[in-house]
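Colleague: Can you read through this structure? Questions will come right after.
The numbers here are math on the coordinates, done by the rules we state, and not lab data. Nothing here was measured: the structure is a model prediction, and the numbers come from that model. Because the Cβ atoms are built from the backbone with ideal geometry, glycine has one as well, and the counts that use them run over all protein chains shown.
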Amino acid sequence: MKKILTALCLLILLTNCSDYLTEENKTDTLADQLYRTASGFENLVNASYSGLRNVYAAPFMFESGTDIAVDGRNPGPVGLSEYKTLSPGEAAVATFYQTVYQAIQVANTGIHYAELTAQTTTLPSRKGELKFLRAYYYFLLVQSFGGVSIVDDMITTAQTAFDRNTEEEVYEFIISELEEAQSLVDENPVFGRVGVRAVKHLLAKVYLTRGYLSFGEANDFVEASTLADEAIAGYDLSSISYQDLFWPGKEKNNEILFSIQFSSTSLANATSGSSQSGFYGPYHGGEGLAKGYPWRSYNLIPTSYFYDLFNQDDTRWEGSIMNVMYERYFDFYDKADKSESKISRYYPQAWEVADTAAWRAADPANRANTEIYPYEIKSTTPYVVNEWEQPDVYLDNIIPTIRKFDDPTAAAFGQGSSNRDIYLMRLAETYLIAAEAYLMRNDKATAMDRINEVKGRAERTPGALQLTDENDVTIDEILDERARELFGEYHRWFDLKRTGKLVERVNLYNKDVRDIDDAFVGTGGNLKILRPIPQPALELNTNKDFPQNPAYE
Amino acid sequence: MGLSVILGLCFSVSVLAQNVVTGTVTSSDDGAPLPGVSVLVKGTSKGTATDTNGEFSISASSSDVLIFSFIGYAAQEASVGSQTSINIILAPDLQELAEVVVVGYGTVKKTDLTGSVGLVDNEQLVKRGTVGAVEAMQGQVAGVDISSSNGRPGSNFNIQIRGVQSVQGGQPLYVVDGVIMPEGIGFLNPQDIERVDILKDASSAAIYGSRGAYGVVLVTTKAGSNVKQKAVISYDGFVGVRKAARLPEFMDGDTWWNWRQDSYISDAIVRGQAIPANPGYNSTGPELQRRLDEKDYTDWASLLIQDGRQSNHWVSLAGRSEKIGYTFGAGYQDEEGNVGGEKYKRYNFKTSVDHVLNEHWSAGLNFNLAFEQQDKGSPNAMLQAFRMNPVMSPYDVESGELIVSPGKDEIAGQPGKYHVDFTSSVNPLVDQKNAYQEASATYAIGNIFLQYSPVSWINVRTTLSPRFTSKIEGQYLGRDSEGRVGGQPYAQRQDNRSYSYIWDNQITATKSINDHGFTFMGLYSTNYFVDEMTFVAQNNMDVSAKSYYNIGQTGDLTKVTSRSEYSKETLMSFAARLNYAYKDKYLVTLTSRWDGASVLSEGNKWTSFPSAAIGWKISEESFMSDVNFVDNLKLRASYGFTGNKVVAPYSTMATASTGTYYDFGGTGANGLRPDGIANQDLTWERTGEVSVGLDYSILQGRVLGSVDVYNKKSKDLIIRRQMPYESGYSDVYQNIGEVVNKGVEVSLTTVNVSTGDLEWTTTLNFAKNNNEVTKLYEGTDMILESRGDGYNPDDVIQVGQPMGSYYNWVTDGVWQAGDTEAATYGQREGQGRVVDYDNNDVIDAEDKRFIGSNLPDWTGGFNSTLTYKGFDFSFSVVARQGMTYYSPFHAEFTNHEDRGRAKLDIDWYMQDNPHTDSRSSNVYPQPKNAGIYWRTYAVGYYRDASFVKIKNITLGYTIPKQLLEKTGITHLRVYGNVLNPFVFTDYDGFDPEWAGATFANGGMSSITYQFGVNLKF
């Protein structure tokens, strides 16, 4: 018996308890170890940039329910496109709120480790980039929701209570963070990274936005115009035409101050790229890769009002819309000699309709069988509605499609298959921010100069689009110009909200909203100008003193 | 004193005459000699064993009594007297196998059992003719609820013992010959399984500590140590045909076209637009109209469905030669599904050798090897075959050849113009040839043991049990397959390898002192598990690529993605069990296991799982001695704790391995972000259970069975607690929440008729389990936990309701013409209505209700066996009642938003319109106008999936022995068997058993017709 016990004791000793039960992890790296190294920290910064791809995965918070886009055959989130039913339960709002906070937390972690990680020459700049990104996310939140909870610490435990800060506090936080970022980031960054001009552009927009608000400071528009001019830094728009700016493969150009990067080499899979190209316009069919055309969701189609913003001198019409569609759609981009390319569809604008027969006769070989879907007014009372905005049946291909974001090189067919960058800040917009800021300072002359710079690039013949009377410079003119220049670039809802024109213009130009009585009126007669704090966010927060926005209580 | 005893013994030995006694021991079964029978002189340790010919030789005096004993046979005694030759015929003790219960690290006599353990023996397992053993166990043991997850060859079966106890889900611990098998027991050939013992209650399962909470399934394969007789070769096999059965009724071509037109008309009405002149027509040319006029429709499903084959062959050799017992076996099984390309094959090899070295030492080894090959066919072909509408044809109008996209049959010479214009989905007949999925697996498990008995009542045993499994899953999608038309081939391959060892060291001591009987078992065990994974995939392969065996070799190499993972887990355990019996009437079992686990954080690693059980053999009491009709009556009661081991490795560590993707101007800049918030305090979920049972046997065994009741509370449930959005993390795992399972189990076996030639036996079992979530985390009485069935906002875990609950608005009809109330709710004629419970004219969150749970209200089984002379006739029935599922089948085939795909033959509502006849229905709304509750909130797709299945019916005939005498065959039985012949259910999808399966995973119901042979030489 003793021998047995001895043997048993020996067995137990063979396997040393404490060692035997230690975890061995060969796959994952411990976060704390990783981020303290220079390369690990770099990984974290990259992850923070990558959050932008998630935040901009869907367009609805940015483009639905505006004066220039309505739902096509496929409805987006109805609350966002029609306001009346917008409620704290709206899933698209919740997803946005959650995704932005996830991105913020990655930035928080990065800023936390910036103080602990190995010192490198790039560290100050990286810290500035992280501060910029975090401020950018808070700017999205404050515009959408008003005051939100400022969470600026790295979270490592199951913290369940968060307070709501005021809108004013959030703006102060954003401004102080961007001021700091401005002093840290590179003057001439690697393409895709945040540089000083991008920080100035954003800061200008933040000041401009705050200037409209009740707590805005007297100097905000001055700051905005100064910063915008500094971000322009003497560059004009002559370096690239509007068509080239949106030509596939030319995303790396001088106009871009900041864009979300989507190189094909940096996608997890063929459909984890940009979704921007898929959302605007009609469905073309399901055989895209085989037949050479892009995938579209039939979600957001332009309003009649948008089509009417152009005239024949504006190259942005063809620059934005595929008005002449080849049988193989992508021939437009990748076939230099199109003499053999048959045209399957033609969408003549108002000024082209009269010459349709002549257009067909000009090239009978390729145009004889072209289906023509002309600009056609459907009704004028009480509003102008054209066939393109409201066809009888939403069939494939019968309305024009936005081509600015097309990617003929996409490796897959479907949502998220585009390899093209999403432009978040570009020089033309900087000019328009400056114009708006000068207008708000009542310096209309300078404002007109800034607008004319943008118009100057777009016009077919020099001078054709130029404003000459500074009294024509109004907020509406600036919003129209932004529509022509920036359609689909994820600014519109914020532009309308910032300028206080959301209710007015949407009720005028959005057919779905104006058909609803008091679409914007929520509880207590309050207007739905801010988005609701998502119900799940309120429920999961153990701090019950977190007020809902007016109109949704 | 001591000296005098020894002297006395010497003296007595020297005065009595010693004779040599010889003889032969044979079996009463077939008269064959029995080797290895123990021959012992009663009252001494003097003994021998029979040789290969069953012969023995021992010296004994005339006053001695010899005891002949052999496992599996009733022992006999014989007085020597004046005999020098004693021939013994041993009769098999048929009850003995069933009389012993395997309880983990040991066995106990069934009469001494204090816990709740179910048994399925080999005969029950092979009788059904199933490919896997688990399916054969369905409905055999009360409270062991078994169901299939799909209808394809090689499908998985889930086992739920006494209810669901964890949000994380769980399966019982599978132990095959001492080897813990996380993969389950599907790799074994049922023919090779000697018995399956199922530990149901916590007091029994506590010996497996942190892994016992979901019950323990102990599988004993045929082992050399159990072999009694000389060498026997046996063959068991069957062949079968598998036919698709009980296919749902789909709309015929005319009805479907009516549906399509109605959907176009509805759409126009809803949008306030003019109704199109030719609703539903969107193609060019006369072909579509011709098909409609001539009713030239295609039944797509029938083009893909085929008859499958099935076979199972098992050959084994088992024998004993004195001290060595052995079993060798080899098996082959295959099954072909009802969709082309679906195949399953399995090869099994087994060896088991047991050697009694001498009276102190014995050793042995068991080894099982299995290879499995599963062809799953195209991932999309079956789905598309059911989706394709009857108006489409698989053949091109002009060429008559198979067309890639039957919905886009282009008119020759008119690009962009189509004969029919529906969908770009790929022709399943083409897809089937261009896409496939496969899985193959290898299982190698075994154990080697060495046992030492220093004295007869102590056993020390060390067992090393290695295990290796490997699984390769591959997928190839060619150019002409769904989703890839016009693109380049795609392939992926995933390799999983898992290896483990368990080293058990145990000591068992059994001793009786007067009225007190003790058995003590002590265990020290170490467990080591490692899992490895490699994944590679490539998009845009070269068109010449034909399989997943050339990833990274052709095409666009920038489209190769890969991933690898490693995970390791160790466990160190001590366990002790004491069985005590007083006067063989009062029984006590005390058990405890202490588990130390690598996956828990420092300071939390060790946990103990104690239990206690008592038994009272009432029938042994003197007051029962007059109650003649009772053979056996025993009351059992137990209380114990077990753990549910659902903490994944590394989950208490804050890691950063979530890959992110980015670039700067085309230069890759991929990153790693934190994986989440690590909870250092995680520990095992813990279940405490009270169980009381009564075993009874009356009328000389004509009626026997047991009744059990239990109440168990599982707490510290690991729940993914949703974090506030502002935290930036979605959730964190915490030990929160409680669930209670209460239930009753009844089993009853009756011998209804037992005359000389005729015997009829039936067994019935029934179990009812009530599951209720009793606690979640503070401030929360409901959480969402997606079950991945296609619509997930309804998947809730709710305090006061069972697990697996659905929570949604309740549909109660269709708004009819003239229902003015519809407008109050923002709805219109034809749309699906839901109940406004609080009558406040608004449908809001307050109007949602508990729809049902996917857990059964009760389960049961019934088996009947009738034998008459050589004939045997039996059948079995399995019942599961009260489950509600969100049915992905109905979400697909009664989808009112869709108008291009085939539809289940339903009656729908259609309002008055100038083109088609109006239709009435108060169940299915108007196509393309189903209303928000059907369209967005999927209220129309819940189905009750209760069913009763006749699992099998068998008729067999055993050829009389006298006819076989000259053939060398000792046993020959032939039989016919039908598997799953009848299903009684209201569910009108594929099969109620997998009503909750997503379409891609489910599949058709089937009936298999088999013919088989059992043969022994």
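Colleague: Pairs to check: B:46/B:634; A:338/B:433; B:230/B:511; A:378/B:928. Give those whose C-alpha atoms are more than 29 Å from each other in this structure.
Modeller: Values: B:46/B:634 37 Å; A:338/B:433 37 Å; B:230/B:511 33 Å; A:378/B:928 25 Å.
Over 29 Å Cα-Cα: B:46/B:634; A:338/B:433; B:230/B:511.
Colleague: I've got another one for you. Over all directions, average the projected area of the Cα convex hull of the stretch B:33-78 and note it in nm². Each step should come with its number before you reach the end.
Modeller: Details: hull surface 12.8 nm².
Spelled out: convex hull of the Cα atoms, projected over all directions, averaged, 3.2 nm².
Colleague: What is the spin-label model distance, in nm, from residue B:849 to residue A:74 if the labels are put 7 Å beyond Cα along the C-beta direction?
Modeller: With each label point 7 Å from Cα toward Cβ, the separation is 3.5 nm.
Colleague: Distance cut-off 25 Å, Cα to Cα: go down the list B:350/B:568; B:471/B:713; B:376/B:546; A:200/A:444; B:583/B:768 and report the pairs above it. Mind showing how you got there, number by number?
Modeller: Values: B:350/B:568 28 Å; B:471/B:713 37 Å; B:376/B:546 17 Å; A:200/A:444 22 Å; B:583/B:768 35 Å.
Table pairs above 25 Å Cα-Cα are B:350/B:568; B:471/B:713; B:583/B:768.
Colleague: From other protein chains only, count the Cβ atoms within 10 Å of every residue's Cβ in A:28-37, then give the mean. Numbers along the way, then the final one.
Modeller: Values: counts 13, 6, 7, 11, 5, 3, 5, 3, 0, 0.
Partner Cβ neighbours, averaged per residue: 5.
Colleague: Using the Cα centre of chain B as the reference point, and only Cβ charges (+1 on K/R, -1 on D/E), how large is the resulting charge dipole? Debye, rounded to the nearest 20. Write out the running numbers ahead of the final one.
Modeller: Working: 86 positive and 114 negative charges, 575 e Å.
So the magnitude is around 2760 debye.
Colleague: Where does chain A land at 222 nm, in deg cm²/dmol rounded to the nearest 500, when only DSSP H runs of n ≥ 4 count, each adding -39500 (n - 2.57), divided by all residues? If you can, show how the numbers build up before the last one.
Modeller: Details: 25 runs with 241 residues, N = 553.
Dividing the helical sum by the residues of chain A leaves -12500 deg cm²/dmol.
Colleague: Determine the gain in length on full extension of the stretch residue B:754-residue B:109; use 0.36 nm per residue of separation and subtract their C-alpha separation, reporting nm with one decimal.
Modeller: On the way: separation 645, 0.36 × 645 = 232.20 nm, distance 2.66 nm.
Stretched out fully, the residue B:754 to residue B:109 stretch lengthens by 229.5 nm.
Colleague: Right, next: Would you be so kind as to identify which of A:103, A:130, A:140 lies farthest towards the positive end of the dipole of the stretch A:63-156, taking Lys and Arg as +1 and Asp and Glu as -1 on Cβ and the Cα centre as origin?
Modeller: The residue sitting most towards the positive pole is A:130.
Colleague: Among the lysines, which have Cα under 19 Å from the Cα of residue A:404 when same-chain residues fewer than 8 positions away are ignored?
Modeller: Counting by Cα, and skipping residues close in sequence, residue A:404 has these lysines nearby: A:250, A:252, A:335, A:455.
Colleague: Between residue B:317 and residue B:417, 0.36 nm times their residue separation minus their Cα-Cα distance comes to what? All intermediate terms of the calculation are to be shown ahead of the outcome.
Modeller: Details: separation 100, 0.36 × 100 = 36.00 nm, distance 6.89 nm.
Gain in length upon complete extension: 29.1 nm.
Colleague: Sorted from fewest to most neighbouring beta carbons within 10 Å, what does the list A:153, B:663 look like?
Modeller: Values: A:153 12, B:663 22.
Sorted ascending by nearby Cβ count, the order is A:153, B:663.
Colleague: Hey, got the dipole for the stretch B:862-1017? About the Cα centre, +1 on K and R Cβ, -1 on D and E Cβ, debye to the nearest 20? Please list the in-between numbers first.
Modeller: Numbers: 15 positive and 14 negative charges, 166 e Å.
With Lys and Arg at +1 and Asp and Glu at -1, about 800 debye.
Colleague: Net charge near residue A:369: determine it from the other residues with C-beta under 13 Å of the C-beta of residue A:369, scoring Lys and Arg +1 and Asp and Glu -1. Spell out each step's value before the answer.
Modeller: On the way: positive: A:342, A:345, A:360, A:367, B:417; negative: A:327, A:363, A:371.
Net charge around residue A:369: +2.
Colleague: Give me the inter-chain shielding for B:645-657: mean count of other chain Cβ atoms within 10 Å, whole number please. Before the final figure, lay out each step's value.
Modeller: Values: counts 0, 0, 0, 0, 5, 6, 1, 1, 7, 6, 9, 13, 7.
For this peptide, the per-residue mean of nearby foreign Cβ atoms is 4.
Colleague: In deg cm²/dmol and to the nearest 500, what is the mean residue ellipticity at 222 nm of chain B if only DSSP H runs of at least 4 residues count, each as -39500 (n - 2.57), divided by the residue total?
Modeller: Details: 14 runs with 99 residues, N = 1017.
Computed mean residue ellipticity for chain B: -2500 deg cm²/dmol.
Colleague: Quick one: go through the stretch B:402-416 and flag any residue whose amide nitrogen is under 17 Å from the point 7 Å out along the Cα-to-Cβ line of residue B:543.
Modeller: The answer is B:404-405, whose backbone nitrogens lie closer than 17 Å to the label point.
Colleague: If you don't mind, another one. Could you work out the equivalent-ellipsoid semi-axes for the stretch B:934-1017, taking the square root of 5 times each eigenvalue of the Cα gyration tensor, largest first, in whole Å? Write down the numbers at each step before the final one.
Modeller: Values: eigenvalues 422, 27, 10 Å².
Semi-axes, largest first: 46, 12, 7 Å.
Colleague: So for the protein assembly as shown, what percent of the C-alpha to C-alpha distances run longer than 48 Å?
Modeller: On the way: 600109 of 1231665 pairs.
That fraction is 49 percent.
Colleague: Shifting gears a bit: Give the order of A:491, B:896 when sorted by the count of other beta carbons within 10 angstrom, beginning with the fewest. Don't skip to the answer; put the middle values down first.
Modeller: Values: A:491 22, B:896 26.
Arranged by neighbour count, lowest to highest, A:491, B:896 become A:491, B:896.
Colleague: Still on this structure: Using the Cα centre as the reference, give the magnitude of the dipole from point charges on the C-beta atoms of the stretch B:144-247 (Lys, Arg: +1; Asp, Glu: -1; all else neutral), rounded to the nearest 20 debye. If you can, show how the numbers build up before the last one.
Modeller: On the way: 11 positive and 8 negative charges, 68 e Å.
Approximately 320 debye in magnitude.
Colleague: Would you mind giving the mean number of other chain beta-carbons within 10 Å of the Cβ of each residue in B:399-409, as a whole number?
Modeller: Values: counts 0, 0, 0, 0, 0, 2, 3, 0, 1, 5, 0.
Across B:399-409, the average partner-chain Cβ count within 10 Å equals 1.
Colleague: Tell me which of A:415, A:390, A:374 sits at the most positive position along the dipole axis of the stretch A:325-436, charges placed on C-beta atoms (Lys, Arg +1; Asp, Glu -1).
Modeller: The residue sitting farthest along the positive end of the dipole is A:415.
Colleague: Follow-up question, since we're still on this one. In whole angstrom, note down how far apart the Cα centers of the stretch B:899-919 and the stretch A:470-546 are.
Modeller: If we compute the Cα centre of each part, the gap is 40 Å.
Colleague: Can you list the aspartates and glutamates whose alpha carbon is less than 19 Å from that of residue B:343, not counting same-chain residues fewer than 8 positions off?
Modeller: B:135, B:307, B:334, B:335, B:372, B:375, B:431, B:438, B:473
Colleague: Between residue B:85 and residue B:731, what is the label-to-label distance in nm when each label sits 7 Å out along the Cα-to-Cβ direction?
Modeller: 7.9
Colleague: Counting pairwise Cα distances across chain B, what percent come out greater than 37 angstrom? Don't skip to the answer; put the middle values down first.
Modeller: Details: 303788 of 516636 pairs.
More than 37 Å apart: 59 percent of the Cα pairs in chain B.
Colleague: Taking K and R as +1 and D and E as -1, what net charge do the other residues with C-beta under 9 Å from the C-beta of residue B:608 add up to? Before the final figure, lay out each step's value.
Modeller: Details: positive: B:593; negative: B:595.
Cβ neighbours under 9 Å give a net charge of 0.
Colleague: Once label points are set 7 Å from the Cα along Cα→Cβ at both residue B:772 and residue B:839, what is their separation, rounded to one decimal in nm?
Modeller: 3.0
Colleague: Further question: Fewest Cβ neighbours within 10 Å first, please rank A:460, B:577 accordingly.
Modeller: Details: A:460 13, B:577 24.
By the 10 Å Cβ count, ascending, the order reads A:460, B:577.
Colleague: Amide H to amide H under 5 Å from residue B:502: which residues, 5+ apart in sequence or cross-chain, H placed 1.01 Å off N in plane?
Modeller: Here the answer is B:465, since their amide H atoms fall under 5 Å of that of residue B:502.
Colleague: Also, quick follow-up: Could you give the distance between the Cα centres of the stretch B:647-668 and the stretch B:552-577, to the whole Å?
Modeller: Each part's Cα centre sits 16 Å from the other's.
Colleague: Continuing with this model, one more query. Along the positive direction of the dipole of the stretch B:103-255 (beta-carbon charges: Lys, Arg +1; Asp, Glu -1; about the Cα centre), which of B:205, B:148, B:111 reaches farthest?
Modeller: B:111
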